[in-house]
Amino acid sequence: MSGKELSTPIAEVMMEDLTVRRDSGNLARCKLGQVVAFGVFWLAGLLAVAALLWIVGYVLVEGFQVIDIEFLTTRPRGGVSGEGGMSTTIVTTLYLVIFTMFLATPIGVGAAIYLTEYAVDAARRSKVLARLIQIARTGVEILAGVPSIIYGLFGFALFVVAMKNFTGGFSILSASLAGACMVLPIIIRTSEEALLAVPCSYREGSLALGATKWQTITQVVLPAALPGIVTGLILSVGRIVAETAIFWVTIGGSYRLPTGVKSAGRPMALHVYMLATETRAFEKAMGTAAILILTIVILNLFINLSSRYYSKQVMGRTQ
Amino acid sequence: MTEQQPSSAPEVMTGDVRRPLIVTAIALIWTLGAVAAAGLLLFRRPEEADAVTTLPATTVAAAVVVVGLGLLVGWGLWTLKNWTRTAMIGILGLVGLYYGTLVVFDTFAQIFGGEHIVPLLEILKNSGLALLRVLATGAVPLALIYGLTRTESHFRETTRERDVTNRSVWYVLIAAALSAIIIVLLIILFTSKEAWQAITGVGILEMIFGTIWRPGSIIGVEGAQYGMLPMIVGALLSTFGAMVLGLPLSLGAAILLTEVAPAWVRELFQPAIELLAGIPSVVYGLFGMVILAPLIRKIPVQANSGFGLLNASIILAIMILPTVTNIARDAIRTVPKAYKEGSLALGTTHWQTIRQVILPAARSGIVAAVILGIGRALGETMALIMVIGNSIAMPRSLNDNPLTLFLGTARTLTGNIAVEINYATGAHRSALFFSGVLLFFMILAVNSLARYLTRERLAS
């Protein structure tokens, strides 16, 4: 589309430009148009940031009025009054993050390794494999767009109902399995990018020394791509902490502390939802939401730090 | 230099292998342990006296397997095979992980299990005890792992072993690569299977075009009706509202970040937009409930509750902003610099260049961003439940003014699933799964379109 379609607007601009010469008022109009348009863009950007500041600021300010040691160290009392604190929800969130990442990380990174290191060769070797790899890539793309409530429905049907004997029905295990499906495409994509950024000369150097492909991957490519992979993992942790819809239908919502992987629980985000919809304890919901936002902000800081460190490393490498 | 001579040819298995003492010890302990375990299996005195004479075949088989594995691993260690070392570390690590999980659950239950957290002294005591417990029971495995990792250089890996690893890992990795498509197929399979009862019992067209949602779980199976049109309309209207409010905002921000703003503003805005993407949807929902609802309630219209499509649209508009802005920004950024320079060199103003050269060149990418935003808005769930009012009736305007439609309450497909799935049974549950299937394919279509557009752009 580049050449043919673009020539028209440029030509129009040229024509317009020619008319400018004849009519000097036109230039002023053009300048005015630019000022107005740019003003609109600035307004849009500032509105977006203002919305962010308003939401984050309000929740933090309101939230920190109820947050104290008592709130953080008491468990929710249940019932419609919404009394109590949030201690067990913090621990449950932690459990969820650990188990989900434990399930998703090996598969995600493994898939990324295959897609970056092996796929091109394999596709060249056989038509069937090329087809299969194409399908695998489409799968990742589809999975990345699936809304979380669908993961919830799927997790409910498969892990909570069909695999009840193995997962214990509504449980941390069911929720982690469903959550792992959600973060899998994120881990695959970010790891793939990180692996692709490792210069080919690293691989060639290692292979030239007589290392096998697998040795090259584990001892040269993966360590070099590690910061990028870690960035993706932190991103996934953020998604799990923020996720509500999946866990609403898979984890059971019990405010008690889970006693094992097969027992129900309630993570922080779900606690916010349940407080806001089932009780009138908005101030407690605000408190929990403030802790939630704080967690996300800290995770984002980590992402920024690690990606900055990583890009510096990559830049240094290619120069 | 001469000392390094032997290690340069690791494939040559010489007779005089220097086996470290610790490996000898581990091999012996392991083999004896396996034999002891097998003996325990075979000669353990059962509760019933008559069972002594006839050993069950499974026990014998298990004993044989245990002895076999024990001898195999023992032999592997004795001859310094590298695969044995890797396998042992892996197995011990997994066992340790399982055990560690149990200890963590126990310890946390002691600390957080009650109404309040136990005092600090108790926490220290409990964690100390847990550590002691791990050390006491894990001493032998930990020592084994430590011994094996320290003696790595003594183990030999033959070329054949290395090749086998290299080749077998290929199968593991392609399995991982196919996991995503397998999950997609499982999602389609399981949601469709659950939806089958509703598809055959109620009918697809009845569900999509029916206007009354009266599920059997509430009013009995007799008069149950499963029309989803109100929810479909609710989803489309809230998405439309979000687009009207959100697109100018997000596209404007994208142009600002790529073309207009100086670098330092970009540096400030970028983390803000990333944070916007990371904020949990329940926080947006809470904000809509506590702040926006009272504000909207001030609009003087009869039966205006503050909860409804307008509230939902505003929340959605903010939620789709990061998605649309990021993708549109990337699209604008990939327009070749030469286009811009060529246009500016012709004497156009910056705005004319943006409007007539850059935006047309980035058009398909921007359209893809908008479409992905639509997909995101259609799939959003929890925030919408909190602000949209959740009435199951068809959305309608509150008075003669058609715009008050947006002040009315509604329910989306996603919200319908989340609100009712936990107590739905029978045909009701099945119908909810059908709405999941519907949603899945709607979003699949939307995302495929966006993907097609971006691919076309990259190709050109």
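No lab work stands behind these numbers, since they all come straight from the coordinates. Computed from a predicted structure; not experimentally measured. Here Cβ is always computed from backbone atoms with ideal geometry, including for glycine, and neighbour counts include all displayed protein chains.
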- line: Given Cβ charges of +1 for Lys and Arg and -1 for Asp and Glu, the option among B:ILE187, B:ALA177, B:ALA143 whose Cα lies farthest towards the positive end of the dipole of region B:122-248 is B:ALA143
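What is the dipole size for chain B, taken about its Cα centre, with +1 at each Lys and Arg Cβ and -1 at each Asp and Glu Cβ, in debye to the nearest 20?
It comes to approximately 880 debye.
In debye, nearest 20, what is the charge dipole magnitude of the protein assembly as shown about its Cα centre with +1 on Lys and Arg Cβ and -1 on Asp and Glu Cβ, if you could check? The partial results should precede the final answer.
Values: 56 positive and 43 negative charges, 206 e Å.
It works out to roughly 1000 debye.
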field: Listed residues A:ALA130, A:ALA37, A:ALA264, most fluctuating in chain A (Gaussian network, C-alpha, under 10 Å)
entry: A:ALA37
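Kindly provide the GluC sites (Glu not before Pro) of region B:207-297 that DSSP labels as loop, not H, G, I, E or B, and whose Cβ sees at most 10 other Cβ atoms within 10 Å.
Details: sites: B:GLU222, B:GLU259, B:GLU267, B:GLU274; in loops: B:GLU222.
Listed in order of number, the matching sites are B:GLU222.
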task: Report, as an integer, the average count of C-beta atoms from other chains found within 10 Å of each Cβ along B:358-367.
output: 2
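Which net charge results for the neighbourhood of A:ALA111, defined as the other residues with beta-carbon distances under 14 angstrom from its beta-carbon, given Lys and Arg at +1 and Asp and Glu at -1?
Numbers: positive: A:ARG137, A:ARG189; negative: A:GLU117, A:GLU141, A:GLU192, A:GLU193.
After counting each charged neighbour, the total is -2.
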- prompt: Can you pull the three principal axis extents for the Cα set of chain B, in Å, largest first?
  reply: 93, 73, 55
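Neighbour counts of other C-beta atoms within 10 Å: give me B:MET207, A:MET86, B:MET228, A:MET163 arranged from fewest to most.
Values: B:MET207 22, A:MET86 29, B:MET228 25, A:MET163 16.
Ordered by Cβ neighbours within 10 Å, fewest first: A:MET163, B:MET207, B:MET228, A:MET86.
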- line: Over all pairs of different Cα atoms in region B:408-460, the reciprocal of the mean inverse distance gives a Kirkwood radius in Å of 13.1
field: Length-normalised contact order for region B:286-401 - Cα pairs under 8 Å, 6+ apart - percent
entry: 40
message: Considering the Cα positions of region A:91-138, please state its Rg to one decimal place and its Dmax as a whole number of Å.
response: 15.3, 49
- line: Only helices counted: for the protein assembly as shown, with every DSSP H run of 4 or more residues adding -39500 (n - 2.57) and the sum spread over all residues, [θ] at 222 nm is -24500 deg cm²/dmol
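What percentage of all Cα-Cα pairs in region A:118-180 are separated by more than 18 Å? Walk me through the numbers on the way to the answer.
Numbers: 1020 of 1953 pairs.
When every Cα pair of region A:118-180 is considered, 52 percent fall beyond 18 Å.
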task: Taking just the C-alpha trace of region B:206-459, give me its Rg and Dmax in Å.
output: 21.0, 75
field: region B:17-159 - Rg (one decimal) and Dmax (whole number), Cα, Å
entry: 20.3, 61
- prompt: How high is the relative contact order of chain B, given as a whole-number percent (alpha carbon pairs under 8 Å, six or more residues apart)?
  reply: 16
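For chain A, calculate the relative contact order in percent as a whole number, restricting contacts to Cα pairs under 8 Å that are 6 or more residues apart. Spell out each step's value before the answer.
On the way: 391 pairs, mean separation 78.9, N = 319.
Answer for chain A is 25 percent.
So for region B:151-247, Kirkwood radius off the Cα pairs, Stokes-Einstein at 37 °C and 0.692 mPa s: how many µm² s⁻¹? Working shown, then result.
Values: Rh = 18.9 Å.
Calculated translational D: 174 µm²/s.
Express in % the proportion of alpha carbon pairs of region A:202-296 at distances exceeding 16 Å. Spell out each step's value before the answer.
Details: 3040 of 4465 pairs.
Pairs farther apart than 16 Å: 68 percent.
Two decimals is fine: what's Rg over Rh for region B:348-448, C-alpha atoms, Kirkwood radius as Rh? Write out the running numbers ahead of the final one.
Details: Rg = 19.2 Å, Rh = 16.6 Å.
Computed over Cα atoms, the ratio is 1.16.
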- line: Projecting the Cα atoms of A:PHE282, A:ILE90, A:TYR114 onto the charge dipole of region A:72-318, where Lys and Arg contribute +1 and Asp and Glu -1 at Cβ, the residue farthest towards the positive end is A:TYR114
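Could you give the semi-axes, largest first, of the ellipsoid that matches chain A, computed as the square roots of 5 times the alpha carbon gyration tensor eigenvalues and rounded to whole Å? Could the numbers behind the result be given before it?
On the way: eigenvalues 353, 243, 77 Å².
In descending order, the three semi-axes are 42, 35, 20 Å.
Sort B:424-435, B:347-358 for me by packing, meaning the mean count of neighbouring Cβ atoms within 10 Å per residue, highest on top.
Numbers: B:424-435: 22.7, B:347-358: 21.0.
Top to bottom by mean Cβ count within 10 Å: B:424-435, B:347-358.
If packing is taken as the average count of other Cβ atoms within 10 Å, what order do A:284-294, B:123-133 fall into, highest mean first? All intermediate terms of the calculation are to be shown ahead of the outcome.
Values: A:284-294: 25.9, B:123-133: 13.5.
Answer by packing, highest mean first, reads A:284-294, B:123-133.
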message: Against the empirical 2.2 N^0.38 Å scaling, what ratio does the C-alpha Rg of region A:41-188 come to?
response: 1.47
message: Averaged across A:205-216, how many Cβ atoms of other chains sit within 10 Å of each residue's Cβ atom?
response: 2
message: Let me spell out the model: positive unit charges on the Cβ of Lys and Arg, negative unit charges on the Cβ of Asp and Glu, origin at the Cα centre of region B:206-459. What dipole size does that give, in debye rounded to 20?
response: 380
task: Find which of A:ALA264, A:PRO223, B:VAL419 sits farthest along the positive direction of the dipole of the protein assembly as shown, computed with +1 on the beta-carbon of Lys and Arg, -1 on that of Asp and Glu, about the Cα centre.
output: A:PRO223
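Within 10 Å of each Cβ in B:228-241, how many Cβ atoms from other chains are there, averaged over the peptide?
Values: counts 0, 0, 0, 0, 0, 0, 0, 0, 0, 0, 0, 0, 0, 0.
Taking all residues of B:228-241 together, the mean is 0.
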message: Need the C-alpha centroid separation for region B:232-294 versus region B:107-176, integer Å.
response: 44
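Using the structure shown, list the pairs from A:LYS262/B:LYS81; A:LYS262/B:LYS125; A:LYS164/B:LYS125; A:LYS127/B:LYS340 with a Cα-Cα distance above 31 Å, or answer none. Present the calculation step by step, with values, prior to reporting the outcome.
Working: A:LYS262/B:LYS81 39 Å; A:LYS262/B:LYS125 27 Å; A:LYS164/B:LYS125 37 Å; A:LYS127/B:LYS340 42 Å.
In this structure, A:LYS262/B:LYS81; A:LYS164/B:LYS125; A:LYS127/B:LYS340 exceed 31 Å between Cα atoms.
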For the protein assembly as shown, the spread of Cα positions along each principal axis, largest first, Å: 101, 71, 58
message: At a 10 Å Cβ-Cβ cut-off, how would you order A:LEU209, B:LEU256, fewest neighbours first?
response: A:LEU209, B:LEU256
